[in-house]
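One structure is given here, and the rest of the page talks about it.
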Amino acid sequence: MLRRFACLLPAVALLAVGVSQQAHGGLFRKGGGCGGCDASCGGCEAACGGCDTSSACGGCSTCETAAPAMETRTVMVPSYVTEMKTITCTEYRQEQRQRTCTVMKRVPVTEQKTATYTVMVPQTQTRTVSYNVCKPVYETRSAEYTVMVPYTEQVQVPYTVCVPQYEQREVQYTAMVPYTEQVQQNYTVSVPTYETRTVSYQVQVPYTEQVERQYTVMVPHTEQRQMTRTVTRRVPETTMKTVQVNTGHWETQTTEVACGGGCNSGCGCDACGGGGCDQCGCAPQTRTVCKRVWVPGCETREVPCTTYRCVQEQVPYTCDVTVCRPETRTCTVNVQRCRTETRQRDVQVCKMVQQTRTRTCNVTRCRPEARTRTVQVCKMVNEARTRTCNVTKCRPETRTRQYQVCRMVNETRQKDVQCTVCVPEQRQKTYTVCRYVCQPEQVTQNYTVSVPVSVQKQIPVQVCKMVPKEVQVPVAPCGGNSGCGGGCASCGGCDAGPSCGCGG
């Protein structure tokens, strides 16, 4: 804006100079100068002998109606021109570089360790256990009960049946007789009409824009921390346990039993036949035998029992923990965006125009017609009849039955059972422990940097230039060939006195 105003200043100055010269020469004075009728010059009547006479001034009417003289002058006019200007700008170019950094790598180290642990070894032992069983005992009992004994009896039962009777009747009915009739029908059809229309639609035009975006990366580092872990240890505990001990034993007992073999053998009467010992003349004899009898016994004892209880302890230890801390970085990414553009296209639009048409079609109609037909009508007539039926009836009868009753009797028995007892045993085992050791390692990384580059570019620039232009400018009547009777020379020049009318 300031440059345009500075370019217009010379033109404004030239116009001001021209106007001042015209004003000084008397171009814009209505009655001044030579040949005028101004009172300061004494008027044309006094100096030039009046306006109606033919004097050197040429009269007042001739001086006032004369056109001013025009002069061609050259002025400078500002004009704006678009020129291409070369400028130097800085652009950034992506460049791949490499750097070497130290990374802590975790290397596994395997160690062998020995640990002592306690296991419970099972051992099998035999024990005698007393137990109770329920032994069934059956008894026979008598009970009376009543039963209903069925018998059949014949009874006369009356009943009613419906007997059909048929008769002929004449019935009148109306039948619809069809006939065909031609009828004119009007129907409407839709005729398609096509026309072309210009439709505006919007499309999304994609373009790429570079945007700086910040992202966060997790940079790992290793630090040592004090942590605790839970260790389970088995602690032995001895308690007293009450057990049932079988103290049964075998005893030898003598018993008198009868013996066989005949009367002469001295061992019984079986040899005399079926008549017994009286027929043989000998008395029954016995013998003494020994047998082992189990005498049961049970005793309650207090025995020590060792059990192991698990105790948890918190044990501190030091471990290396890899912790990632966030780090904010900036990168330039290409973002795909879309701008909305309005476009136009010609589409074919189909319109359906309704048209009425006429057609002749056959219509089937029906007219009523009275007719007569003979039908058979069935009537049901009630008729009483009698029939003999067998009826089953029941009479009560008392009977007696024998039944068995089962009663459960408790009986104590003994049995040998196998039981398993766990005995603690100390053992050792070797296990492998894996721990990680951090070792530094040199790693080469590729990264991208933006390098500034100076580039020469051509850009359009608006330049204001002063262009010469020829214009027509009016000049003063004195000193020129005006229509005022040859100027002021006839009055003695512009230096003459006021009597000539040129002094003003």
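The values are calculated or read from the model by the stated rules, or taken from the named source; none is laboratory data. Since the structure is predicted, the reported quantities are computational estimates derived from the model, not experimental observations. All Cβ positions, even for glycine, are placed from backbone atoms using ideal geometry, and neighbour counts span all protein chains on display. We work out accessible area using only protein heavy atoms, side chains counted, and drop any ligands, DNA or RNA first. Shrake-Rupley method; radii C 1.70, N 1.55, O 1.52, S 1.80 Å.
Details
- Filtered residues of the stretch 422-477 (kept if surrounded by 11 or more Cβ atoms within 10 Å (Cβ to Cβ) and under 30 Å from Y308 (Cα atoms)): C422, P424
- Test: residue in the stretch 136-158 that is surrounded by 10 or more Cβ atoms within 10 Å (Cβ to Cβ), of a type in the set (F, W, Y), in contact with a Ser or Thr (Cβ under 9 Å, 6 or more places away or on another chain) and part of a strand (DSSP E or B): no
- Which listed residue, of T222, T239, T228, is assigned to a strand (DSSP E or B), of a type outside the set (K, R) and open to solvent by 70 Å² or more (accessible area, probe 1.4 Å): T228
- Filter pass, C419 being in a strand (DSSP E or B), over 30 Å from V333 (Cα atoms), modelled with pLDDT of 80 or more and under 50 Å from the mean Cα position of the chain (by Cα): no
- Filtering the stretch 262-299 to residues that are of a type in the set (V, I, T) and either modelled with pLDDT under 50 or open to solvent by 80 Å² or more (accessible area, probe 1.4 Å) (or both) leaves T286, T288.
- Condition met for P368 (closer than 30 Å to T174 by Cα and at pLDDT 85 or above): yes
- Within the stretch 321-331, if we keep just the residues that are open to solvent by 60 Å² or more (accessible area, probe 1.4 Å) and in contact with a Lys or Arg (Cβ under 8 Å, 6 or more places away or on another chain), the residue that is farthest from T222 (Cα to Cα) turns out to be T330.
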